[in-house]
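Undergrad: Below is one structure. I have some questions about it.
The values are calculated or read from the model by the stated rules, or taken from the named source; none is laboratory data. For clarity, every value in this text was computed on a predicted model and none was experimentally measured. Counting neighbours? That spans all protein chains shown, and the Cβs are built from the backbone with ideal geometry, glycine included.
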Amino acid sequence: VIFRVAINAPLPGLFDYLAPADWDTSQAAEGCRVEVPFGRSRTVGVIAGVSPSSEIPGQRLKRAGRVLDQSPLFKQPMLRFLGWAAAYYQHPPGEVYASALPLALRQGKPLGDRQLAWALTKEGRQQDPVVLARRAPRQWDLWQRLHHRADGIGEFELATLPSGWRDTLRRMADKGWVSDHPVAAAASREPVIHPGPQLTPDQRSAADQVTTSLGGYESFLLFGVTGSGKTEVYFDAMEAVLRAGRQVLLLVPEIGLTPQLMERIAGRFDAHLATLHSGLADGERLKAWREAASGRAHIVVGTRSAVLVPLHKPGLIVVDEEHDPSFKQWEGFRYSARDLAVVRASMEGVPIVLGSATPSLESLGNVQRGRYRQLDLAERPGAAVHPEIRLIDLRAHASTEGLSTPLVVTMGQHLEAGGQVLLFLNRRGYAPTLFCPGCGWTSRCQRCDAGMVLHQRQRRLHCHHCDTRRPVPVACPECQQPLAPVGQGTERIEETLGRLFPVYPMVRIDRDTTQRKGAMAEKLDDIRSGRARILVGTQMLTKGHDFPEVSLVGVLNADQGLFGTDFRASERLAQTIVQVAGRAGRAERPGLVLIQTLYPEHPLLTRLVSDGYAAFAEAALQERRESGWPPFSHLVLLRAESARMAQTMAFLEAASSLLNLPPALQCKVLGPAPAPMEKRAGRFRGQLLLESHQRQGMHALLAGWLKEIRELPESRRVRWSLDVDPIELF
Ligand code: ADP
Ligand code: ZN
Ligand code: ZN
């Protein structure tokens, strides 16, 4: 027997090993970990498959060591899913399996959660109960219990029997009447579900469509404006899943940023909750993984990597804020958790709900193609009304350090009326550049094609791309004149506001102010309690929070997204604006949103402001269709970087010349070309983009192409990677 083993190494394919000599076919193998010799050492891999033969001649096969698990860590369809993911993203299967395991399990440590269940053997079943009852009443008692339960009874349950059961069981085992097998520990308790609000008719209809589809695969796009009650729809469907004794997997962009969601879940479901995110210590991660895999956790909430965690009895997958770019893994195994979640749901045979106020054009495209069913929530429940959105023409109004006069005046009115004001600027730090008026010197990063951002309070220049930090120069390094900060970041806006509105307490939320553990929660608390009146922040403020007292939202600079080099720039900008705007007027106060821009006639902005996101998305999809960008085509991006641009380009040229594209594929090759940001962290970057509307045909070529690329001498002089369905092109 051959074990086909996935080994955590950057090598394609599985590795064949002879099964250990003492392994017998009744023992579990597929989905279990196994110790194997690898290179000059030993390592732990996952048995992805068992096969009667190998293509490798017998004398060259090595023998596997111990099988580490008595029951598989991954069962079908999870094994098939992970294999599919490795093939689709052209990533080494061993690394894909490793991504699905917590560190301790990758290292071969025991799962530590085995429970033995005992069941009658064939011989045991054949015993005559009448005889048994007469000769051994205790054994008869246990025999009866076991006779009713074909799967056996777990130790935890046996432990609730009157003492002495262990001796009785041993006596029966000695006679070969019972045998044990490991099982996942059962759910610890029945979840208690507290009632939610009475759903609106739209919510009711959406939730009902999801619950009717439980038990089979179906994809839903829940398109609900911010504050329309999407979460309550998830909860209603989750309730049905928990009542059916199944588990829910809820994927969210960033758990640390959404303590509110966790509180709401805990308030609604008195159930076993497991959370998985990057901030966990190894031990915590192992515990959460185990609870998900064993079925003990009723609800598993996690960020993108949670899509790879096995579930004992999955019932429903929910992806909240499905448009969020953080569902894409940026390095190593570059998967989209949103896309994988859909594949997983179909393989597990469970429904999936993708929810957003600003759905991705991909998902809307899938609705158009009839792959997803769209569920709409157009209204906010209760008194909450949609905010009014207005553009402020920055060319027509004076401004103080990035704050236009109309914005400042309106802020004053809202603050006096008792409202909270939220200002959004997607740039942290004090100022994006430090500039010398004397000679034109600017603070550039020496290792990147980017400026170094001034962080005033920390008194340093910081490159946000390569993390280089330097002290702030006291004067221009070239001509010794005093330097001036140019442009605004959140730190500077905070300072300016402190001068303009000294009496109103303020909180700033960005990566610099929330690093300390618990800082984010404190700040959110200041906002919700009303202690803070002015809120300044980056993207972090826009994600999923519910600030009922915010009556005015200001978007300080909408223009960063209008002329981006990436074809997704306008989609991102629209999503950001709508998400920020959605923080306003959630409760009784009507909201107002002011967007500062130099381009108030830009068709994207005007359409978004007058007709809303759905209309914008329709137009944007039409544009994508005409230009042939995703979702009307599929992309594969080969990236490379090295210490010299010539080396990078030589590799990409060589890779490009290996491409053998049948004309029928209509595959376009763009490049090789230097990346939009040519230099980053001292390395020169380039890329080659493949685009085709025949995904399968294009993907079918990738494995062979990659094999040839790996053999290129040029490939040893660069760092390269393949990104299937890239979401950024730089
Ligand atoms: P979303 O997830 O779409 O942003 P939420 O589910 O957070 O919206 O709902 C926004 C607010 O409206 C929350 O405070 C929520 O408790 C409330 N809400 C949602 N649905 C209802 C309902 N049917 N009746 C009353 N309040 C509701
Ligand atoms: Zn100078
Ligand atoms: Zn840098």
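Undergrad: Please pick out the residue among Leu11, Leu18 that is among the hydrophobic types (A, V, I, L, M, F, W, C), under 15 Å from Pro92 (Cβ atoms) and surrounded by fewer than 20 Cβ atoms within 10 Å (Cβ to Cβ). Walk me through it before giving the result.
TA: Values: Leu18 fails: under 15 Å from Pro92 (Cβ atoms).
Result of the check over Leu11, Leu18: Leu11.
Undergrad: Of all residues in segment 687-716, how many are farther than 24 Å from Arg625 by Cβ and of a type in the set (Gly, Ala, Ser)?
TA: Selection size over segment 687-716: 4.
Undergrad: List the number of the failed condition for Ala29; all other conditions in (1) in contact with a Lys or Arg (Cβ under 8 Å, 6 or more places away or on another chain); (2) crowded, with 17+ Cβ neighbours inside 10 Å; (3) of a type outside the set (D, E, K, R); (4) assigned to a loop (DSSP other than H, G, I, E, B) hold.
TA: (1)
Undergrad: Something else now. Does segment 70-78 include one or more residues that are more than 21 Å from His181 (Cα to Cα), surrounded by 14 or more Cβ atoms within 10 Å (Cβ to Cβ) and touching a residue at least 12 places away in the same chain (Cβ under 8 Å)? Don't jump to the end; show me each part of the working.
TA: Quick first cut of segment 70-78, residues more than 21 Å from His181 (Cα to Cα) only: 77-78.
Retained after the next criterion (residues that are surrounded by 14 or more Cβ atoms within 10 Å (Cβ to Cβ)): 77-78.
If we keep only those that are touching a residue at least 12 places away in the same chain (Cβ under 8 Å) too, we end up with 77-78.
Yes: one or more hits.
Undergrad: Criterion first (under 29 Å from the mean Cα position of the chain (by Cα) and either part of a helix (DSSP H, G or I) or modelled with pLDDT of 90 or more (or both)) does Ala584 satisfy it?
TA: On the way: under 29 Å from the mean Cα position of the chain (by Cα): yes; either part of a helix (DSSP H, G or I) or modelled with pLDDT of 90 or more (or both): no.
So Ala584 fails the test.
Undergrad: Sticking with this one: What is the one condition in (1) within 21 Å of the chain's Cα centre (by Cα); (2) charged (D, E, K, R); (3) closer than 30 Å to Cys439 by Cα that Arg568 does not satisfy?
TA: Going through the list (1) within 21 Å of the chain's Cα centre (by Cα); (2) charged (D, E, K, R); (3) closer than 30 Å to Cys439 by Cα, Arg568 breaks only (3).
Undergrad: Return yes when Leu199 is more than 16 Å from ligand 2 (Cβ to nearest atom), aliphatic (A, V, I, L, M) and assigned to a loop (DSSP other than H, G, I, E, B) and no when it is not. Steps first, please.
TA: On the way: more than 16 Å from ligand 2 (Cβ to nearest atom): yes; aliphatic (A, V, I, L, M): yes; assigned to a loop (DSSP other than H, G, I, E, B): yes.
Judged against the criteria, Leu199 is a match.
Conditions tested, residue by residue: (1) basic (Lys, Arg); (2) in a loop (DSSP other than H, G, I, E, B); (3) touching a residue at least 12 places away in the same chain (Cβ under 8 Å).
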| position | (1), (2), (3) |
| --- | --- |
| His386 | no, yes, yes |
| Ile389 | no, no, yes |
| Ala396 | no, yes, no |
| Pro406 | no, no, yes |
| Arg427 | yes, yes, yes |
| His464 | no, yes, yes |
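Undergrad: If a residue must be in a helix (DSSP H, G or I) and either of a type outside the set (A, V, I, L, M, F, W, C) or in contact with a Phe, Trp or Tyr (Cβ under 6 Å, 6 or more places away or on another chain) (or both), how many such residues does segment 685-706 contain? Break it down stepwise before answering.
TA: Initial filter on segment 685-706 (in a helix (DSSP H, G or I)): 695-706.
Of the ones still in play, those that are also either of a type outside the set (A, V, I, L, M, F, W, C) or in contact with a Phe, Trp or Tyr (Cβ under 6 Å, 6 or more places away or on another chain) (or both) are 695-697, 699, 704.
Matching residues across segment 685-706 total 5.
Undergrad: Every residue in segment 667-684 that is more than 13 Å from Cys466 (Cα to Cα) and part of a loop (DSSP other than H, G, I, E, B), please.
TA: Cys667
Undergrad: From the list Val367, Val421, which one is closer than 22 Å to Gln488 by Cα and not in a loop (DSSP other than H, G, I, E, B)? Can you show your working first?
TA: Working: Val367 fails: closer than 22 Å to Gln488 by Cα.
Checking each option against the conditions leaves just Val421.
Undergrad: Still on this structure: Leu286: among the hydrophobic types (A, V, I, L, M, F, W, C), under 30 Å from Ala617 (Cα atoms) and touching a residue at least 40 places away in the same chain (Cβ under 8 Å), yes or no?
TA: Numbers: among the hydrophobic types (A, V, I, L, M, F, W, C): yes; under 30 Å from Ala617 (Cα atoms): no; touching a residue at least 40 places away in the same chain (Cβ under 8 Å): yes.
No: the conditions fail for Leu286.
Undergrad: Could you please find all residues in segment 608-620 being buried (at least 18 other Cβ atoms within 10 Å of the Cβ), modelled with pLDDT of 90 or more and either among the aromatic types (Phe, Trp, Tyr) or over 24 Å from the mean Cα position of the chain (by Cα) (or both)? Before the answer, list the steps.
TA: Applying the first criterion (buried (at least 18 other Cβ atoms within 10 Å of the Cβ)) to segment 608-620 yields 608-609, 613, 616-617, 620.
Filter once more, keeping what is modelled with pLDDT of 90 or more: 613, 616-617, 620.
Scanning segment 608-620 gives Tyr613, Phe616, Ala620.
Undergrad: Assuming Gly349 fulfils every condition listed in (1) within 16 Å of ligand 1 (Cβ to nearest atom); (2) within 27 Å of Pro92 (Cα to Cα); (3) not aromatic (Phe, Trp, Tyr) apart from one, which condition is it?
TA: In the conditions (1) within 16 Å of ligand 1 (Cβ to nearest atom); (2) within 27 Å of Pro92 (Cα to Cα); (3) not aromatic (Phe, Trp, Tyr), Gly349 misses (1) alone.
Undergrad: Now, a different point. Using beta carbons and a limit of 7 Å, which pairs, at least six apart or on different chains, have the first residue in segment 437-452 and hydrophobic (A, V, I, L, M, F, W, C) and the second one within 11 Å of ligand 2 (Cβ to nearest atom)?
TA: Cys439/Cys476; Cys439/Glu478; Cys439/Cys479; Trp441/Cys476; Trp441/Pro477; Trp441/Glu478
Undergrad: Which number in (1) buried (at least 22 other Cβ atoms within 10 Å of the Cβ); (2) under 24 Å from Arg338 (Cβ atoms) marks the one condition that Pro92 misses?
TA: All conditions are met except number (1).
Undergrad: Going residue by residue through segment 141-155, is there one that turns out to be part of a helix (DSSP H, G or I) and either under 19 Å from Ala28 (Cβ atoms) or touching a Cys at 6+ places or on another chain (Cβ under 7 Å) (or both)?
TA: The first filter runs over segment 141-155 and keeps only residues part of a helix (DSSP H, G or I), leaving 141-147, 155.
Add one more test, that the residue is either under 19 Å from Ala28 (Cβ atoms) or touching a Cys at 6+ places or on another chain (Cβ under 7 Å) (or both), and what stays is 155.
Yes, there is a match, as at least one residue in segment 141-155 is part of a helix (DSSP H, G or I) and either under 19 Å from Ala28 (Cβ atoms) or touching a Cys at 6+ places or on another chain (Cβ under 7 Å) (or both).
Undergrad: Six or more apart or on different chains, Cβ atoms under 9 Å: show the pairs whose first residue is in segment 687-707 and under 20 Å from Gly13 (Cα atoms) and whose second is surrounded by 15 or more Cβ atoms within 10 Å (Cβ to Cβ) and of a type in the set (Asp, Glu).
TA: Listed by first residue and then by second, the contacts come to Met698/Glu691.
Undergrad: Please enumerate the residues belonging to segment 605-622 that are touching a Phe, Trp or Tyr at 6+ places or on another chain (Cβ under 8 Å) and not aliphatic (A, V, I, L, M).
TA: Taking segment 605-622 and keeping what is touching a Phe, Trp or Tyr at 6+ places or on another chain (Cβ under 8 Å), we get 605, 607-608, 614.
Once the filter is applied, which keeps residues that are touching a Phe, Trp or Tyr at 6+ places or on another chain (Cβ under 8 Å) and not aliphatic (A, V, I, L, M), segment 605-622 yields only Arg607.
Undergrad: Mind listing whichever residues of segment 304-322 are crowded, with 24+ Cβ neighbours inside 10 Å and within 16 Å of ligand 1 (Cβ to nearest atom)?
TA: Selection gives Val318, Val319, Glu321, Glu322.
Undergrad: Look at segment 407-464 and say how many of its residues are within 16 Å of ligand 3 (Cβ to nearest atom) and more than 30 Å from the chain's Cα centre (by Cα).
TA: The total comes to 10.
Undergrad: Where in segment 468-555 are the strands (runs of 3 or more DSSP E), entirely inside, with at least 2 residues that are within 19 Å of Thr400 (Cβ to Cβ) and either among the small types (Gly, Ala, Ser) or within 16 Å of ligand 2 (Cβ to nearest atom) (or both)?
TA: Numbers: elements: 469-471, 484-486, 506-509, 534-537, 550-555.
Those strands (runs of 3 or more DSSP E) span 484-486.
Undergrad: Then there is this: Filter segment 316-359 down to residues that are closer than 21 Å to Ala207 by Cβ and assigned to a strand (DSSP E or B), then give me how many there are.
TA: The qualifying residues number 11.
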